[in-house]
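Here the structure comes first, spelled out in structure tokens, and everything after it is commentary.
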Amino acid sequence: MSAGLGKCGKIRHIVRLRQMLRRWRNNSRMSASRIPSDVPAGHVAVCVGTSCRRFVVRATYLNHPIFKKLLIQAEEEYGFTNQGPLAIPCEESVFEEVIRFISRSESGHSDKLMRDCSFKIACNWLNLGGGKGK
């Protein structure tokens with residue numbers, strides 16, 4: 001009799017595993033369908049400024065020291081519980097300069113950029129606490 005209960009327990013276990021697998025597949029399909037179709041692979045969409053202008057940037061930019069500083073400021077401003085797209089508390093024009101600088105530095109022109117006006121603007125903005133008058 002105990003052998004019969006063992007088989008039932010195994011069957012229940014298999015049924016539960018199949019249900020969990022089915023739920024996991026459904027959840028993964030749902031989350032995949034939430035990715036915007038205009039964001040190419042290897043990129044991420046961010047909202048910038050008070051008007052929440054949307055930018056699509058390379059995911060590798062997130063590792064750049066200047067972008068990391070922007071992410072720290074975003075965390076201080078909004079916290080980790082922010083729902084929705086990644087929001088950057090920054091003026092749009094400054095963000096564009098930061099992206100231009102990161103793009104050029106990845107292409108190997110970083111020596112020239114150390115004297116570049118856009119780099120100085122971005123660094124000054126970041127050192128002033130995001131241009132928020134800190």
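Those residues that are among the polar types (S, T, N, Q) and in contact (Cβ under 8 Å) with a residue 24 or more places away in the chain, I need them from region 49-99; list them, please.
Matches in region 49-99: Ser51, Thr60, Gln73.
Which of the strands (runs of 3 or more DSSP E) contained wholly in region 42-99 include at least 3 residues that are charged (D, E, K, R)?
Once the strands (runs of 3 or more DSSP E) in region 42-99 are filtered for at least 3 residues that are charged (D, E, K, R), what remains is 53-58.
Would you call Ser103 at pLDDT 85 or above, surrounded by fewer than 15 Cβ atoms within 10 Å (Cβ to Cβ) and in a loop (DSSP other than H, G, I, E, B)? Spell out the reasoning first.
Numbers: at pLDDT 85 or above: yes; surrounded by fewer than 15 Cβ atoms within 10 Å (Cβ to Cβ): yes; in a loop (DSSP other than H, G, I, E, B): no.
No, not satisfied.
Could you check, for region 71-82, whether at least one of its residues is closer than 20 Å to Arg53 by Cβ, at pLDDT below 70 and loosely packed, with under 15 Cβ neighbours inside 10 Å?
Taking every residue of region 71-82 in turn, at least one turns out to be closer than 20 Å to Arg53 by Cβ, at pLDDT below 70 and loosely packed, with under 15 Cβ neighbours inside 10 Å.
The values are calculated or read from the model by the stated rules, or taken from the named source; none is laboratory data. In this text, all values refer to a predicted model and were calculated from it rather than measured experimentally. Neighbour counts are summed over all protein chains in view; Cβ atoms, including those assigned to glycine, are modelled from backbone coordinates with ideal geometry.
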